[in-house]
Amino acid sequence: MDINYQQILTEIFAETKSLKGRGKVANYIPALAGVDPNRYGIAIQTLNGETFQVGDAMTPFSIQSISKVFTLAWVFREVGEKLWSRVGREPSGTAFNSLIQLETENGIPRNPFVNAGAMVVTDFLVSCSKSPLTDILDFVRTLSNNPNINFNETVAESERETGFRNAALINLMKSFGNIENDVNAVLDVYFHQCSLMMNSLDLARAFLFLANCGVNPWNNERILTASQAKRVKALMQVCGLYDDSGEFAFTVGLPGKSGVGGGIVAVIPNLLSICVWSPELNQHGTSLIGMKALELFTTKTVISIF
């Protein structure tokens, strides 16, 4: 089927602009509060090498929780099934930073995308790597085919200064024996991974290995086995947008991952990956325009995994 992706992006961009002003930029992290709410970009990268973009697709932003997919892939490749002894694979049904669920379930997070689960994954990274910040940065640069991607130290410091709930989560897990390393060392890596600055095209390119059965198309390196890639996409489908995951599956129908920086990345297996960035969030912390844009994308292309 011959699809004019550029025309579709242009249509979506025009049809969703009227939604600006209906959401709110994340303000609980001071460094994110000043982001221009009117920014809006979409980028597509296909497996056959085509790129399509509209709006502010080349403007870098703090990817926040989207980074959890990268650390998950790195750690899953290194430790395999051992990972699941310390983190679950079920939707949480609660907020991404809930303490109550973690307490009642003895320090085992429901999945690797809620904050507690992502910190367990980062704890694995710290255990496996002599230079975790260097390793995760190099990994993301390789996946995106962009050697200039970097951390934003201002954002990382802002997260550290206000990350009281994350500190509570990791200390609670430490009390249950589910964190092996020094909590401050793990938090430092976690805050840095969330501070990665990437644009929409960078992210679309960086997720393309998941559309390609685990193989990085930029250098043909196998990042994950086909089975592991399938499992990461399954987790994105059921947990990638926290308590918005059901709505995303219902309206969009693609494996996706959101971040409170306003980005959402989604994957169409064997075809492409797409990233939308619009900083205004809905009540669940998901990009309001991003959700609608991706719904329109699968509607107009008549492509989803269902």
- Task: Check whether at least one residue in the range 102-110 is surrounded by 15 or more Cβ atoms within 10 Å (Cβ to Cβ), within 21 Å of L210 (Cβ to Cβ), among the hydrophobic types (A, V, I, L, M, F, W, C) and modelled with pLDDT of 95 or more, and report yes or no.
- Result: no
- From (1) within 15 Å of K174 (Cα to Cα); (2) surrounded by fewer than 21 Cβ atoms within 10 Å (Cβ to Cβ); (3) hydrophobic (A, V, I, L, M, F, W, C), pick out the condition that doesn't hold for F139. (1)
- Message: Report every pair of residues separated by at least 6 positions or lying on different chains whose Cβ atoms are under 6 Å apart, first residue within the range 25-47 and of a type in the set (S, T, Y), second part of a strand (DSSP E or B).
- Response: Y40/G55; T46/L272
- Kindly indicate whether V25 is surrounded by 14 or more Cβ atoms within 10 Å (Cβ to Cβ), over 22 Å from M198 (Cβ atoms), out of contact with any Gly (no Cβ under 7 Å at 6 or more places or on another chain) and β-branched (V, I, T). no
- Message: Condition first: in a helix (DSSP H, G or I), surrounded by 22 or more Cβ atoms within 10 Å (Cβ to Cβ), among the hydroxyl-bearing types (S, T, Y) and at positive phi. Can you find one or more residues in the range 236-254 that meet it?
- Response: yes
- Query: Any idea which residue in the range 194-233 is farthest from S62 (Cα to Cα), counting only those that are in contact (Cβ under 8 Å) with a residue 24 or more places away in the chain, small (G, A, S) and out of contact with any Cys (no Cβ under 8 Å at 6 or more places or on another chain)?
  - Reply: A211
- Restricting attention to the range 67-90, does a residue exist that is within 20 Å of D244 (Cβ to Cβ), touching a Ser or Thr at 6+ places or on another chain (Cβ under 8 Å) and not basic (K, R)? no
- Query: How many of the residues making up the range 21-56 are assigned to a loop (DSSP other than H, G, I, E, B) and either at positive phi or of a type in the set (A, V, I, L, M, F, W, C) (or both)?
  - Reply: 7
- Item | Every residue from the range 205-231 that is within 12 Å of W74 (Cα to Cα) and assigned to a helix (DSSP H, G or I) | Q228, A229
- Task: Look at D123 and say whether it is out of contact with any helix residue (DSSP H, G or I) (no Cβ under 9 Å at 6 or more places or on another chain) and either surrounded by 14 or more Cβ atoms within 10 Å (Cβ to Cβ) or closer than 22 Å to P60 by Cβ (or both).
- Result: no
- Please work out if G117 is modelled with pLDDT of 95 or more, part of a loop (DSSP other than H, G, I, E, B) and either out of contact with any His (no Cβ under 9 Å at 6 or more places or on another chain) or surrounded by fewer than 18 Cβ atoms within 10 Å (Cβ to Cβ) (or both). no
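Condition check ((1) more than 21 Å from the chain's Cα centre (by Cα); (2) outside any loop (DSSP other than H, G, I, E, B); (3) not small (G, A, S)) across all residues:
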position: V155; (1), (2), (3): no, yes, yes
position: R160; (1), (2), (3): no, yes, yes
position: A168; (1), (2), (3): yes, yes, no
position: L172; (1), (2), (3): yes, yes, yes
position: N184; (1), (2), (3): yes, yes, yes
position: L187; (1), (2), (3): no, yes, yes
position: F191; (1), (2), (3): no, yes, yes
- So which residues in the range 209-227 are crowded, with 20+ Cβ neighbours inside 10 Å and either under 22 Å from R89 (Cα atoms) or of a type in the set (S, T, Y) (or both)? F209, L210, A211, G214, I223, L224
- Of the residues R160, R165, which single one is closer than 19 Å to F96 by Cβ, in contact with a Phe, Trp or Tyr (Cβ under 6 Å, 6 or more places away or on another chain) and not polar (S, T, N, Q)? R160
- Query: Counting just the residues of the range 36-62 that are hydrophobic (A, V, I, L, M, F, W, C) and surrounded by 20 or more Cβ atoms within 10 Å (Cβ to Cβ), which one comes out nearest to the chain's Cα centre (by Cα)?
  - Reply: F61
- Query: Within the range 193-235, can you find the residues that are within 17 Å of the chain's Cα centre (by Cα) and at positive phi?
  - Reply: G214
- Task: Test S304 against the criterion of being in contact (Cβ under 8 Å) with a residue 12 or more places away in the chain and under 14 Å from the mean Cα position of the chain (by Cα), and give yes or no.
- Result: no
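The values are calculated or read from the model by the stated rules, or taken from the named source; none is laboratory data. For clarity, every value in this text was computed on a predicted model and none was experimentally measured. Note that we place each Cβ from the backbone using ideal geometry, even for glycine, and neighbour counts take in every protein chain shown.
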